[in-house]
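The values are calculated or read from the model by the stated rules, or taken from the named source; none is laboratory data. Just so it is clear, the model here is predicted, and its values are computed rather than measured. Here the Cβ positions follow ideal geometry from the backbone for every residue, glycine too, while neighbour counts run over all protein chains shown.
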Amino acid sequence: MFEGIAEKARKALIAKYSLENLVVEWRRPQESAHGDIATAVALQIAKRAKKKPQEIAEALCTELKSASDVARVEVAGAGYVNVWLTTEALLKELDMTEAACSPQKQKKGSIIVDYSQPNIAKPLGVHHILSTVIGQSLCNLHRHLGYQVVSWNYIGDWGTQFGKLAVAWQKWGESKPVRQCSLDDLLELYVRFHAEAEKTPALEKEARAAFLKLEQGDSALRVFWEGVVQVTKTSLKEIYDRLHVHFDIDIGESFYEDKMEPILEEGKKKNIFVQGEGGALIVEFSETQKLPPFLVQKGDGATLYATRDLAQIRYRSDTYKPEAILYVVDRAQQLYFQQLFATVERLGWKPPQLEHVVFGRMRFADQTMSTRKGTVLKLEHVLDEAVQRAKTVIAEHRDSIQTDDESVLAEMMGTGALVYGILSQNRKMDLVFDWKNVLALDGNSAPYLQYTHARACSILRKAGPKDTSSLRNVDVFTGYVFTDHERSLIGSLLQFADALEEACVQRLPHTLANYLYGLCQEFNSFYNSEPILKAEEPQRTLRLFLTSLTARVLKTGAELLTLRVPDRM
């Protein structure tokens, strides 16, 4: 933003102090009283320029005073330079915010985002929502900013856990075809297997043998496996649709069944995969890497998750040629991904950037989550509870909340509250979910964002059909002096493009969520302090434009976070 001023400052400093490779960074001050943009470059280059920071800042101020877009410039503190822009310059800059609301057409390259990753035969637990919505928001952000994105649900449809289910089905399964079963039926069998295996450990050996038979092509097991996969995918789609989550590809582990042997042969030939205990194949790392051995094949010849992950890296790299593959997986797998990526490096492959997008754990008070013990807190049930709680909030605020369809609004508020309650927090940290906070109408929550958007839409409806989508004639505002609230709201709107870029590049959706919360606060302060519909021209046109742009930014940002916002509330 403000490229003209930034370039003028850079050239002036280079010419005056003979500096090379100079980058002048501009930031938006937290408070509008400190200008529209500011830089600390004088402090940063003082040593190189062999001058005092204030002297450099004064020189820069003198240079910038002649810039046509600058209304005022001053030195602050030990050497900061604060700049106030002209009315015309600020309003023209809002074009960038308008542009940021539309997906960029320029393609910046391709990435694969691997997220959600449920296992077959099990319903989504509430813990799955972390990978699912973090991954989807990263897909949305990258697509919006012009990247070619492949969203990938890497389903766990292979491995010993299927052998356990197959044994359970053979021993205790019902007579009806597997395709007529529900996920709850399959989960009940899986849980029963573990309960019985604690009493009869030999069942674990049977499960390993069953999976080995599946790998070897047993026809009956193949039919059963296909039915289980279909039941699982059908059930999962209902939940994904509620969360506005959609995948381009849902190829799971089984796809790599015939692609692992060449990887194993390559590793053995390069002496990277060596024999370990019991005839297993392992990868050993150098002392400097400080990683334990990595198992890639069991002693009985069965493959593992790691074997399939190596195959999928090779397949994805060769087939899609992405610039990066992002794995949105919780922090418990950090060591695994370090070993996996280090193995790829040892094999001498030249893959795309491989990145583990780590996130912490989520918990509800007094509730634990364990599929094996059968006490998993199902995501479907949590979503239903969120919607019921949203209905209660609506009922408690009948005087201020208005809707044409309470069920639709409750679904929007409830699912939004759950998702935003996760995405508004730093993914790298653990979080404890608090229903009271996530459904609040006056805090950093989805309902607050949704209510603010609806308020802006209400104003625009009352204004009538007049076009408020842009300021067609900026010259009308020549000499116009912004009020503090107008200037502060404009400053917040101008940060939207930067917030999108930061959230995308840093893989941190919470930076966008927190920006939207700040924008809601700015708009509500503006709304409560300044008349909009009753203002005189050209002020009325300006304020309606700012209202319209705020609504558009909130809607765009919310949808990138997988939320939906109502026009009435």
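The number of residues in the stretch 228-241 being out of contact with any His (no Cβ under 8 Å at 6 or more places or on another chain) and surrounded by 16 or more Cβ atoms within 10 Å (Cβ to Cβ) comes to 8. Selection of helices (runs of 4 or more DSSP H) fully inside the stretch 67-180 by the criterion of at least 1 residues being within 30 Å of residue 206 (Cα to Cα) and modelled with pLDDT under 90 returns 160-172. Residue pairs whose Cβ atoms lie under 8 Å apart, separated by 6 or more positions or on different chains, with the first residue in the stretch 114-126 and more than 25 Å from residue 355 (Cβ to Cβ) and the second part of a loop (DSSP other than H, G, I, E, B) and acidic (Asp, Glu), are 120/157. When we screen 261, 287, 257, 277 for residues that are charged (D, E, K, R) and under 28 Å from residue 135 (Cα atoms), the only hit is 257. Being of a type in the set (Ser, Thr, Tyr) and in a helix (DSSP H, G or I) is a property that residue 562 lacks. Going through (1) surrounded by 13 or more Cβ atoms within 10 Å (Cβ to Cβ); (2) part of a helix (DSSP H, G or I); (3) touching an Asp or Glu at 6+ places or on another chain (Cβ under 9 Å); (4) of a type outside the set (Ser, Thr, Tyr) one by one, residue 301 falls short only on (2). For the stretch 279-299, a tally of residues being more than 20 Å from residue 261 (Cβ to Cβ) and without any contact (Cβ under 8 Å) to a residue 40 or more places away in the chain returns 6. Residues that are under 21 Å from the mean Cα position of the chain (by Cα) and not hydroxyl-bearing (Ser, Thr, Tyr) within the stretch 521-569 comprise 552, 553, 554, 555, 557, 558, 559, 560, 561, 563, 564, 565, listed in sequence order.
Looking at the stretch 123-179, which of the residues that are in contact with a strand residue (DSSP E or B) (Cβ under 9 Å, 6 or more places away or on another chain) and among the charged types (D, E, K, R) is nearest to residue 218 (Cα to Cα)? Step by step, filter the stretch 123-179, then rank; the result is 157.
Looking only at the stretch 307-337, filter to residues that are more than 22 Å from the chain's Cα centre (by Cα) and among the polar types (S, T, N, Q); which one of those is farthest from residue 250 (Cα to Cα)? The selected residue is 307. Would you check if residue 78 is over 30 Å from residue 479 (Cβ atoms), surrounded by fewer than 23 Cβ atoms within 10 Å (Cβ to Cβ) and touching a Leu at 6+ places or on another chain (Cβ under 8 Å)? Considered against the rule, which asks whether it is over 30 Å from residue 479 (Cβ atoms), surrounded by fewer than 23 Cβ atoms within 10 Å (Cβ to Cβ) and touching a Leu at 6+ places or on another chain (Cβ under 8 Å), residue 78 comes out as yes.
For the stretch 231-244, does any single residue satisfy the condition of being in contact (Cβ under 8 Å) with a residue 24 or more places away in the chain, in contact with a Gly (Cβ under 9 Å, 6 or more places away or on another chain) and either assigned by TED's automatic domain parsing to the domain that holds residue 149 or not hydroxyl-bearing (Ser, Thr, Tyr) (or both)? No, the stretch 231-244 has no match at all. Confirm whether residue 263 is of a type in the set (A, V, I, L, M), assigned by TED's automatic domain parsing to the domain that holds residue 134 and either more than 26 Å from the chain's Cα centre (by Cα) or surrounded by fewer than 18 Cβ atoms within 10 Å (Cβ to Cβ) (or both). When the stated conditions are applied, residue 263 passes them.
Note on the stretch 1-52: among residues that are in a loop (DSSP other than H, G, I, E, B) and of a type in the set (S, T, N, Q), the one that is modelled with the highest pLDDT is 18.
Out of curiosity, is residue 255 surrounded by 17 or more Cβ atoms within 10 Å (Cβ to Cβ) and more than 32 Å from the chain's Cα centre (by Cα)? When the stated conditions are applied, residue 255 does not pass them. If you go through the stretch 214-229 and keep only what is farther than 15 Å from residue 169 by Cα and in a helix (DSSP H, G or I), you end up with 215, 219.
Yes/no per residue for (1) in contact with a strand residue (DSSP E or B) (Cβ under 9 Å, 6 or more places away or on another chain); (2) under 21 Å from residue 88 (Cα atoms):
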residue	(1), (2)
3	no, yes
13	no, no
29	yes, yes
58	yes, no
73	yes, yes
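Within the stretch 177-200, residues that are under 10 Å from residue 122 (Cα atoms) sit with their Cβ atoms under 9 Å from residues that are among the hydroxyl-bearing types (Ser, Thr, Tyr) and at pLDDT 85 or above, at 6+ positions apart or across chains, in these pairs: 182/235; 183/232; 183/235; 186/232. The set of residues in the stretch 398-424 being hydroxyl-bearing (Ser, Thr, Tyr), closer than 18 Å to residue 245 by Cα and part of a helix (DSSP H, G or I) consists of 415, 420.
Among the residues that make up the stretch 191-209, is at least one of them modelled with pLDDT of 90 or more, out of contact with any Lys or Arg (no Cβ under 7 Å at 6 or more places or on another chain), in a loop (DSSP other than H, G, I, E, B) and not aromatic (Phe, Trp, Tyr)? There is at least one residue in the stretch 191-209 that is modelled with pLDDT of 90 or more, out of contact with any Lys or Arg (no Cβ under 7 Å at 6 or more places or on another chain), in a loop (DSSP other than H, G, I, E, B) and not aromatic (Phe, Trp, Tyr). Within the set 390, 365, 395, the sole residue that is modelled with pLDDT of 95 or more and of a type in the set (Gly, Ala, Ser) turns out to be 390.
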